[in-house]
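Note sheet for the following structure.
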């Protein structure tokens, strides 16, 4: 009788090393980006450009982060994830460091919207999720992507309060430059996550080219519906990350509540991401996505109707945190399930582009509506409608039953 195979200790250590490298990189890049909203008001005071102009720079950051990811994914699939991640971390550091030196809208767009956001896109989910999926055994991929995604949230949880403390101690400009230097701690992860799609190619089987993979994906209705739902996710999370401090200020609450709210979103997104990684092995991913979007819409509706007190804001931040980026593991899982892992970085990068087009609109429209009305009410109404649409558009996705359910059927 054959004995059941068990993982060797060395293999187990390698798996956790991969997860530490990927989650740590995402923590540093995502955590830095998600704290930028804290610097919007100081930037406005220092430059006098106006919230609308500064929102435009932040909106370009959302868009360029998405535009970068398909190309970064294609580069990682060909030349290896390590080189792409190294370059991405350096660009985030440089862009963040020079932001306080910019005094024009064009300068802020270059620093925040091109360098910092482009670097974060190169060291972002498309490359990190693909590298993790390539290096982790198939049975552990659901939980692994949840852990990596939780890394981004953990970074936000740590770096948002840190940015607030640095600002209070050294001033906003020095705090922002310190955040840029902290990102450089991600560079060693590039050595661990090196490798490309050749490593997952099946011997004797022709590897599908990047162009052919993209054409196949864009003809797949389920892939298009997945991207449409992810567009809504981008609108939600980018608006919150950038404008939540402004929402809290408009409610007449202390500025410290903004820092704690962003930190709570990051903390509870760890819970949501890990829970989603666990749930992916038990329920179909499209159903989980619909549930997340519906929960978001309900939470926003309750927040709009509730009195804007500190406990209400913090509870709202916790609920939104659970759903904030927990859509990433099932979205990445569906891309891998549809098309395999060989071109996953490229294809997930395309889905991320849809996400960031939504993010661009969330940041830009949020700023314009506030300038026009003096409040964010209409943005919340748009959020609720979009959440309902995203919950519905994921339901028709054609996803195979889980193995246990298929066997019972």
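Using Cα-Cα distances under 8 Å and only pairs 6 or more residues apart, what relative contact order does the chain have, in percent? Spell out each step's value before the answer.
Details: 781 pairs, mean separation 113.0, N = 409.
Result for the chain is 28 percent.
Once fully extended, how much extra length lies between residue 228 and residue 140, figured as 0.36 nm per residue of separation less the alpha-carbon to alpha-carbon distance?
Working: separation 88, 0.36 × 88 = 31.68 nm, distance 2.73 nm.
This chain segment gains 29.0 nm when fully extended.
Which of 116, 222 comes first, and how do the rest follow, when ranked by fewest Cβ neighbours within 10 Å?
Arranged by neighbour count, lowest to highest, 116, 222 become 222, 116.
Stokes-Einstein D for the range 115-155 at 4 °C, 1.567 mPa s, Kirkwood Rh over Cα pairs, in µm²/s? It would help to have the intermediate numbers written out before the result.
Values: Rh = 10.8 Å.
Translational D for this selection: 120 µm²/s.
Taking Cα atoms, how many degrees apart are the long axis of helix 141-170 and the longest axis of the chain, rounded to 10 and kept between 0 and 90?
20
Listing 18, 312 from the residue with the fewest other Cβ atoms within 10 Å to the one with the most, what is the order? Intermediate values should be presented prior to the final figure.
Values: 18 21, 312 15.
Ranked by crowding around the Cβ, least crowded first: 312, 18.
Springs between alpha-carbon atoms under 10 Å, Gaussian network over the chain: tell me which of 234, 180, 107 tops the mean-square fluctuations.
107
For the range 83-167, rounded, prolate or oblate, judged on the Cα gyration tensor with a ≥ b ≥ c (square roots of eigenvalues), a/c < 1.5 rounded, else prolate if a/b > b/c? Present the calculation step by step, with values, prior to reporting the outcome.
Details: a/c = 3.49, a/b = 1.76, b/c = 1.98.
It comes out oblate by the Cα gyration axes.
Multiply the residue separation of residue 377 and residue 282 by 0.36 nm, subtract the distance between their alpha-carbon atoms, and state the gained length in nm to one decimal.
Values: separation 95, 0.36 × 95 = 34.20 nm, distance 3.77 nm.
Roughly 30.4 nm would be gained on extension.
What list do you get for 133, 309, 169 if you sort them by fewest beta carbons within 10 Å?
Numbers: 133 24, 309 12, 169 9.
Neighbour counts put them in this order, fewest first: 169, 309, 133.
What shape does the range 37-100 take by its C-alpha gyration tensor, where a ≥ b ≥ c are the square roots of the eigenvalues and a/c under 1.5 counts as rounded, a/b above b/c as prolate, and the rest as oblate? Write down the numbers at each step before the final one.
Details: a/c = 4.75, a/b = 2.25, b/c = 2.11.
It is prolate, given that a/c is not under 1.5 and a/b is the larger ratio.
Which of the three applies to the range 1-151, rounded, prolate or oblate, going by the alpha-carbon gyration tensor with a ≥ b ≥ c and a/c under 1.5 meaning rounded? Walk me through the numbers on the way to the answer.
Values: a/c = 3.34, a/b = 2.65, b/c = 1.26.
Verdict is prolate for the range 1-151.
For the residue pair residue 310 and residue 385, what label-to-label distance in nm results when each label sits 7 Å from Cα along the Cα-to-beta-carbon direction?
Rounded to a tenth, the inter-label distance reads 3.6 nm.
Expressed as an acute angle from 0 to 90° and rounded to the nearest 10, what is the orientation of the C-alpha long axis of helix 377-393 relative to the principal long axis of the chain?
Tilt of helix 377-393: around 10 degrees.
By average Cβ neighbour count within 10 Å, what is the ranking of 183-194, 263-274 from highest down? Before the final figure, lay out each step's value.
Values: 183-194: 19.9, 263-274: 23.9.
Result, highest mean Cβ count within 10 Å first: 263-274, 183-194.
Work out Dmax and Rg for the range 294-409 from the C-alpha atoms and quote the Rg first, both in angstrom.
17.7, 57
Just to be sure I understand the model, the point goes 7 Å from the Cα along the line to the Cβ. What's the resulting residue 220 to residue 14 distance in nm?
Placing both labels 7 Å along Cα→Cβ, they lie 2.8 nm apart.
For the chain, what does the helix formula give at 222 nm: sum of -39500 (n - 2.57) over DSSP H segments with n ≥ 4, over the residue count, nearest 500 deg cm²/dmol?
Numbers: 19 runs with 313 residues, N = 409.
Calculated mean residue ellipticity at 222 nm is -25500 deg cm²/dmol.
How far apart, in nm, are the 7 Å Cα→Cβ label points at residue 271 and residue 104?
4.8
Read the figures in this text as sums done on the coordinates, not as results from a lab. Quick caveat: nothing in here was measured; it's all calculated off a predicted structure. Backbone-built Cβ (ideal geometry, glycine too); neighbour counts: all protein chains shown.
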